[in-house]
């Protein structure tokens, strides 16, 4: 149970800190506005730093997936059992709901609105949003697979930092389109609390990341180094 609980705690921290900063900086509703570049940078850093912090906190316990898309890709590469895959995803979603619940209580008592839920940004079509989530998830998860691979030299010693910085980069590139999910758990819980169009469009932030993760797993199978 320890690894499942670690995934729950890690995902809770990711959602609370990442979405919390998005709400505090008002990025959750104005990310499409170029004038709000500071809020985009702040939100991107919040998510990236949360991953770095959790990687060095629970990485030795569960591997610090804290993202069902990553868990799917690891499972497809036979790095985790089917049972652990399902339990990881379950506890990741539970952790996301805990983080969102805490954030909702804080915002309700501070005159703030929203929970940092993902949604289509201004002028972005459903197809555009879906493609963005597929492509950026693919890049992000591919980095995760490569950075943590035991057959990829000494790079896994800095996996937490590499993955966190990549998530910052992905947010900087993708926020303009979807607010950046690349993580179904991160999207499910905030959408349930926020409702409205965020809940209507939630399927994009589940299907997109899972498709992207599947593509990354296939790519990694083609390029990964041979075991010694």
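Within the set 43, 57, 148, the sole residue that is in contact with a helix residue (DSSP H, G or I) (Cβ under 8 Å, 6 or more places away or on another chain), crowded, with 21+ Cβ neighbours inside 10 Å, more than 20 Å from residue 25 (Cβ to Cβ) and touching a residue at least 24 places away in the same chain (Cβ under 8 Å) turns out to be 148. Based on what the data block shows, is residue 58 under 22 Å from residue 160 (Cβ atoms), modelled with pLDDT under 95 and in a helix (DSSP H, G or I)? Considered against the rule, which asks whether it is under 22 Å from residue 160 (Cβ atoms), modelled with pLDDT under 95 and in a helix (DSSP H, G or I), residue 58 comes out as yes. Can you name every residue in region 167-179 that is surrounded by fewer than 21 Cβ atoms within 10 Å (Cβ to Cβ) and either without any contact (Cβ under 8 Å) to a residue 12 or more places away in the chain or under 18 Å from residue 147 (Cβ atoms) (or both)? Once the filter is applied, which keeps residues that are surrounded by fewer than 21 Cβ atoms within 10 Å (Cβ to Cβ) and either without any contact (Cβ under 8 Å) to a residue 12 or more places away in the chain or under 18 Å from residue 147 (Cβ atoms) (or both), region 167-179 yields 168, 169. Inside region 66-85, residues that are touching a helix residue (DSSP H, G or I) at 6+ places or on another chain (Cβ under 6 Å), assigned to a loop (DSSP other than H, G, I, E, B) and at negative phi make up a count of 2. Quick check, is residue 182 surrounded by 24 or more Cβ atoms within 10 Å (Cβ to Cβ) and under 19 Å from the mean Cα position of the chain (by Cα)? Spelling it out, residue 182 is indeed surrounded by 24 or more Cβ atoms within 10 Å (Cβ to Cβ) and under 19 Å from the mean Cα position of the chain (by Cα). Taking residue 155 as the residue in question, decide whether it is modelled with pLDDT under 95, in a helix (DSSP H, G or I), touching a helix residue (DSSP H, G or I) at 6+ places or on another chain (Cβ under 9 Å) and over 26 Å from residue 17 (Cα atoms). Yes, satisfied.
Here 51, 15, 34, 9 are screened, and the one residue that is surrounded by fewer than 21 Cβ atoms within 10 Å (Cβ to Cβ) and modelled with pLDDT of 95 or more is 9. If you go through region 93-110 and keep only what is more than 15 Å from residue 19 (Cα to Cα) and at pLDDT 95 or above, you end up with just 94.
Taking residues in region 192-220 that are on the phi > 0 side of the Ramachandran plot and crowded, with 17+ Cβ neighbours inside 10 Å, and partners anywhere that are at pLDDT 95 or above and part of a helix (DSSP H, G or I), not one pair has Cβ atoms closer than 9 Å while being at least 6 places apart or on different chains.
In this entry, residue 170 is excluded by the filter for residues that are within 13 Å of the chain's Cα centre (by Cα), closer than 20 Å to residue 41 by Cβ and part of a loop (DSSP other than H, G, I, E, B).
Within region 105-129, track down each residue that is in a helix (DSSP H, G or I), surrounded by fewer than 21 Cβ atoms within 10 Å (Cβ to Cβ) and touching a helix residue (DSSP H, G or I) at 6+ places or on another chain (Cβ under 9 Å). Answer for region 105-129, where residues must be in a helix (DSSP H, G or I), surrounded by fewer than 21 Cβ atoms within 10 Å (Cβ to Cβ) and touching a helix residue (DSSP H, G or I) at 6+ places or on another chain (Cβ under 9 Å): 106, 107, 126, 128.
The values are calculated or read from the model by the stated rules, or taken from the named source; none is laboratory data. None of these values were measured; they are calculated from a predicted model. Positions of Cβ are backbone-derived with ideal geometry, glycine not excepted, and every protein chain shown enters the neighbour counts.
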